[in-house]
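Just so you know, all these numbers are worked out from the coordinates, no wet-lab data involved. On a predicted model such as this, the values are computed, not experimentally measured, just so you know. Neighbour counts run over all protein chains shown; Cβ positions are idealised from the backbone, glycine included.
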Amino acid sequence: MRIEEFEDALDQYGPEIDEWPSALAQQARDLLASSIEARDLLEAEAIIAGSLRSSIKAPSGLADRLVAQAFETEAPQIVAARQGRSWWEALVEHVQALAGQASIRYATVLAICFVGGVAVAQITAQDENIPAPTYLSGLYADLAW
C-alpha cells in the first residue's frame with residue numbers, strides 16, 4: 001500500500017483500522033509498521049475524529065447576541081418578547097427596516113430575480129432531455145451575460 005492509498009482509506013473508513021475491510025486493514029498495518037508518515041497521518045485523523053465526536057454546546061442566548069451584534073441592535077426575538085409579539089413578526093419588521101436601505105433593496109430584487117429565473121428554467125426544462133452540466137452552465141452563462 002502506498003501512502004496516497006492509505007490517506008484515501010483513512011478518509012473513507014476513518015482512523016479505526018480494525019473497522020476497515022480485512023485485506024485493506026492488513027495492508028495498512030504493514031504500512032504503519034514501516035512508515036512514520038503513515039503513523040502521523042493516523043494520529044492526526046484520530047485527533048480530528050475524536051474532536052468531531054465530542055459534543056460542544058453553544059452558550060444560552062448566543063444566537064440572539066450574534067444577531068444583535070450583526071445588526072448592531074437587539075435581536076428580533078428579544079424585542080418580540082418585550083413587546084408581546086411573536087418572534088416572526090419582530091423579524092419581519094426588522095427585515096423590512098433593513099430593506100429600506102437602497103443596497104438591501106437592490107440585493108433583494110436580484111435575489112428574487114435569480115431564484116425566479118432558476119425556478120422558471122427548472123419548470124420549462126423538466127421534460128426536455130438536457131444533460132445537467134450543459135443546462136447549469138447555460139444558466140450561469142445567461143447570468144454572466
Which ones in the stretch 6-52 are under 31 Å from the mean Cα position of the chain (by Cα), among the small types (Gly, Ala, Ser) and part of a helix (DSSP H, G or I)? Ala9, Ala38, Ala44, Ala46, Ala49, Gly50, Ser51
Can we say Ser35 is among the small types (Gly, Ala, Ser) and without any contact (Cβ under 8 Å) to a residue 12 or more places away in the chain? no
